[in-house]
1. Per the Debye formula with a single identical scatterer at each Cα and no solvent contribution, what log10 I(q)/I(0) holds for the stretch 527-598 at q = 0.13, 0.23 Å⁻¹?
2. Principal axis lengths of the stretch 365-462 from Cα atoms, whole Å, largest first?
3. Based on the Kirkwood radius over alpha-carbon pairs, what value in µm²/s does the Stokes-Einstein equation return for the translational diffusion coefficient of the stretch 123-190 at 25 °C and 0.890 mPa s?
4. Using only C-alpha atoms and all pairs of different ones, pull out the Kirkwood radius for the stretch 93-165 in Å with one decimal.
5. Cα centroid distance between the stretch 421-482 and the stretch 298-322, in Å?
6. In terms of the Cα gyration tensor, with a ≥ b ≥ c the square roots of its eigenvalues, is the stretch 69-223 rounded because a/c is under 1.5, prolate because a/b exceeds b/c, or oblate?
7. Excluding residues on the same chain fewer than 8 positions from Lys585, give the aspartates and glutamates whose Cα lies under 20 Å from its Cα.
8. Under 22 Å Cα-Cα from Lys257, which lysines qualify once same-chain neighbours fewer than 8 residues away are excluded?
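What follows draws every value from the coordinates through simple rules; no lab data is involved. Only a predicted model underlies this, so the values are computations on that prediction, with no experimental measurement involved. Glycine also receives a Cβ, built like all others from the backbone with ideal geometry; neighbour counts cover every protein chain displayed.
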Amino acid sequence: MRQIIPFNDNWLFAKPGEAAQAVTLPHTWNAVDGQDGGNDYWRGTASYSKHFPMPRIQPGERVFLEFNGAAMSAEVLLNGAFLTCHEGGYSTFRADMTELLQDENLLTVKVDNSENDRVYPQKADFTFYGGLYRDVNLIVVPQEHFALTESGTPGIKVTPEVRLRDREAYVMVETRQTGGSEVWFEIPTETGKEFRRAPVLGGQAVTIIQLKNVHLWDGVNDPFLYTVTAKLVKNGQVLDEISVRFGCRAFSIDPDKGFFLNGHSYPLRGVSRHQDRAGIGNALTIEHHKEDMAVIREIGANTVRLAHYQQAQEFYDLCDENGLVVWAEIPYITQHMPHGRDNTLSQMRELVTQCYNHPSIVCWGLSNEITASGPVTEDMLENHRLLHELCHELDSTRPTTMAHVFMLETDSPIIDIPDIGSYNLYFGWYLGELTQNDRFFDEYHAKFPERVIGFSEYGADANPQFHASVPERGDYTEEYQCLYHEHILKLIDERPYLWATHVWNLFDFAADGRDEGGKKGENQKGLVLFDHKTKKDAFYLYKAAWSKEPFVHLCGKRYVDRAEEITEIKVYSNCESISLYVDGKLTEEKLGKRIFTFSIPLSGEHEIKAVSGEQSDCMTIRKVAEPNKDYLFRKTEIVNWFDKEDYKPDCYSIKDTMGALSQNPQTAAILGRMMQSMAAKRGDVAKEANSNANLQKMMAGMTLESLIKQAGDSVPEAMIRQLNAALQKIKK
Ligand code: GCB
């Protein structure tokens with residue numbers, strides 16, 4: 001019988017020219033430098049080595065080595081001889097090492113996350129951690145065994161076809177193997193078990209098992225899972241055995257009505273997740289995965305976009321168990337690389353092969369914002385067509401999708417390639433007004449009523465150190481993040497045709513190139529901090545919308561010192577009424593939905609308590625004479641400096657629109673320089689926004705002043721003054 005032996009202990013890790021250190025897997029070498037900003041984390045080739053004795057095996061047995069994540073490329077040597085190599089840091093690969101084994105062995109894995117032009121990702125808004133950051137195992141199997149090596153296959157493929165009307169499913173089960181003469185399949189059911197035998201023909205065995213009265217996998221309501229066991233048999237003797245869980249569900253997507261699960265409307269509303277956390281990088285344990293899932297369950301999401309690459313099998317398993325609908329994707333992102341085609345195809349082949357059996361997954365993401373760094377080329381189109389065809393060759397049951405960058409023209413030919421589409425929009429954060437998001441979808445849906453469209457990313461950065469009573473775009477306050485999401489949540493509620501929506505992001509995550517909003521190396525669009533524990537206020541807005549667990553949350557607990565005479569108290573709750581107590585006295589009771597606001601006069605220190613039935617929350621706030629400077633991301637006010645200066649209305653200034661400034665060659669040149677320096681410190685979206693014609697059109701109506709405001713501290717005040725002075729020298 002097969003044995004799986006954990007192989008995580010007693011490794012030696014060494015960077016070139018450095019002494020080796022003992023490590024236990026999972027391990028990444030960028031846990032610290034990949035999160036501290038500066039875009040200077042070490043990318044190179046390091047080595048992991050391990051001595052081990054000959055595993056105890058029976059004659060004829062084979063020993064496979066399994067890597068579940070070697071980022072980004074790996075070359076594996078056993079006793080100095082080449083065993084295998086792999087490109088792509090997020091998928092499983094295995095190799096048969098039996099022939100190279102000796103009494104005493106030395107395994108060496110050269111792992112490489114250095115820059116190149118072939119292996120995705122190379123350009124994206126997250127840290128490309130290097131290392132053996134997921135489990136390594138030995139798998140000992142008999143001579144004749146289920147397949148292990150082709151694209152990291154689980155050896156078994158389960159395709160349930162559900163007939164809702166008859167409440168039955170026809171489950172096709174296929175296995176691949178070396179040897180054996182037949183395969184015995186067994187599915188325990190709630191009333192007994194189904195058993196079938198199928199002959200091995202050409203290395204494959206197939207059966208179809210009818211499940212009557214099928215228990216459906218019904219999302220978060222009832223994520224029921226079956227298990228199928230396959231036994232490889234010869235002469236009546238069982239040689240190898242594997243089992244896998246699967247779920248029976250049917251889904252469809254309507255361009256007008258959105259997503260349907262098992263015949264009922266099931267709007268997909270949820271979050272995205274990256275696989276890293278503060279101080280640990282991507283070397284996560286099962287406990288980390290479980291903690292993340294608990295947060296997803298707490299917020300009440302029914303879908304998760306596992307961005308921007310294949311994530312750990314343990315996490316897809318958790319999604320199956322918890323009924324989360326998953327968008328799965330490969331890291332074909334930001335920049336199309338002409339030499340990267342094979343790598344996109346092999347990463348997709350592995351994703352689909354390795355993840356096929358998860359009922360949670362409903363689509364394969366071909367790429368993310370792939371047009372962000374350059375125009376749509378014939379090579380890029382061809383790459384997408386091949387990926388799309390590959391997905392359908394491997395899987396006829398799931399649609400392909402793409403996440404488009406917000407400046408991609410809606411009539412671009414690339415949009416027609418995947419079965420369904422989705423846009424990442426950041427109006428109201430990187431640029432523009434919040435209402436531009438609404439307008440975008442309204443226009444899109446009116447123009448392309450037959451296209452399925454979703455909202456694959458939206459978000460605003462917030463550092464919970466920063467607060468404002470009048471929040472503004474670009475101030476990085478918790479309060480602006482709340483306003484932003486309140487707007488978008490309403491937008492989504494009013495547009496049921498959006499087949500799936502995903503907040504970017506559930507958790508803050510590492511993007512070592514970032515330096516903004518008071519933190520280095522982090523993208524702070526999370527609803528939860530990078531510790532994956534501390535929740536920002538906006539988290540509770542979604543909880544109020546999605547979760548059925550009654551709760552009351554008082555916003556602004558970290559906004560203690562308040563200078564205003566009358567302050568707003570905001571409560572997020574899924575209860576129907578909220579009673580507000582100030583210093584122990586009931587001041588007001590309100591009926592409402594999700595968002596409850598109260599105005600209370602401030603004098604001294606106050607105990608605030610919000611109550612609904614059994615649920616309550618409390619906080620202390622106090623009146624202060626002057627605004628607390630620690631709450632301000634921008635320590636100086638930028639609104640007033642301009643008025644104080646001598647202002648010549650017949651000359652250009654930052655009060656002019658981007659459209660007007662780009663008309664005049666002199667002001668256009670000044671603008672260009674400023675945009676470049678602004679973009680340097682922010683994510684790729686901001687960087688690419690510079691050169692995009694479609695985007696320039698969208699921004700033409702904005703004043704330069706409002707653009708600067710939302711750019712936060714990437715434009716220092718001295719520079720704004722200089723800029724204005726330079727513009728004021730140019731006559732209109
Ligand atoms: C995007 C990208 C994502 C970034 C995000 C941002 O559109 O797809 O990877 O992290 O924008 O925060 O800028």
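1. For the requested q values the scattering log ratios are -0.42, -1.10.
2. 42, 28, 27
3. The estimated diffusion coefficient comes to 152 µm²/s.
4. 16.9
5. Here the answer is 23 Å between Cα centres.
6. Since a/c reaches 1.5 but b/c is at least a/b, the shape of the stretch 69-223 is classed as oblate.
7. Glu565, Glu568, Glu605, Glu607, Glu614, Asp617
8. Candidates past the 8-residue exclusion: Lys447, Lys490.
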